[in-house]
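Visitor: Shown below is the structure under consideration.
The values are calculated or read from the model by the stated rules, or taken from the named source; none is laboratory data. What you see is a predicted model; the values in this text were computed from it and never measured. Here the Cβ positions follow ideal geometry from the backbone for every residue, glycine too, while neighbour counts run over all protein chains shown.
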Amino acid sequence: MVTVTPLEAELLELAGSVPDPELPVLTLRELGVVRAVHARGTDTVEVELTPTYTGCPALEAMSLDIERILREHGVREVTVRTVLAPAWTTDDITEEGRRKLREYGIAPPRARTSSGPVPVELGTTRTRGTPPTEDEPAPVPCPHCGSTETELLSRFSSTACKALRRCLACREPFDHFKEL
């Protein structure tokens, strides 16, 4: 088990408080991408950051924002290291993060029923309010009205990690943070 010092816990909280550049309603802690902070003395820190996917265009902005906030709090030397294993999954989003996504109008990722890779779904584009089965995933509820009667408009939305959907009840379009 890794021992975290009080200083590392405080710096982890600071690094995790940085807003996500693509979804500023979430902090990096709520998104689950800041993995650890290692203090090397009192003024040198290494931060482990896992992107939501390899090649994430926001990685540089996240790193610079983490460096800035830690330097503002007296850390002279900050290194942000990209860590790809274990890979980030949508399971890493906190409950608070899921709540904030919903309130922001983005359907949070559905709960995963199994571990391992998420299969690519090329089937139906409409979801109905029925329980998930082996062949049919859980419905994507509308973050505006809660209806599970929704349809897929595009597998990709404003970012590669979101899909564009529309509610068939209230007719509002919304982003869905895809399960990874």
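Visitor: Take Val4 and decide whether it is touching a helix residue (DSSP H, G or I) at 6+ places or on another chain (Cβ under 7 Å) and of a type in the set (Val, Ile, Thr).
Guide: No, not satisfied.
Visitor: Quick check: is even one residue across the range 103-116 surrounded by 14 or more Cβ atoms within 10 Å (Cβ to Cβ), among the hydrophobic types (A, V, I, L, M, F, W, C), modelled with pLDDT under 95 and assigned by TED's automatic domain parsing to the domain that holds Ser147?
Guide: Yes.
Visitor: Being out of contact with any Phe, Trp or Tyr (no Cβ under 8 Å at 6 or more places or on another chain), outside the structural domain of Thr159 (by TED's automatic domain parsing) and of a type outside the set (Asp, Glu) narrows it down to one residue among Gly55, Gly32; which is it?
Guide: Gly55 is the lone residue from the list that is out of contact with any Phe, Trp or Tyr (no Cβ under 8 Å at 6 or more places or on another chain), outside the structural domain of Thr159 (by TED's automatic domain parsing) and of a type outside the set (Asp, Glu).
Visitor: Select from the range 9-63 the residues that are acidic (Asp, Glu), outside any loop (DSSP other than H, G, I, E, B) and surrounded by 19 or more Cβ atoms within 10 Å (Cβ to Cβ) and list them in ascending order.
Guide: Result: Glu30, single match.
Visitor: Given (1) surrounded by fewer than 19 Cβ atoms within 10 Å (Cβ to Cβ); (2) of a type outside the set (A, V, I, L, M); (3) under 26 Å from Pro141 (Cα atoms); (4) at pLDDT below 95, identify the lone condition not met by Thr90.
Guide: For Thr90, the exception is condition (1).
Visitor: Looking for something in a helix (DSSP H, G or I), more than 15 Å from the chain's Cα centre (by Cα) and modelled with pLDDT of 90 or more - is there at least one such residue anywhere in the range 71-87?
Guide: The answer is yes; a qualifying residue exists.
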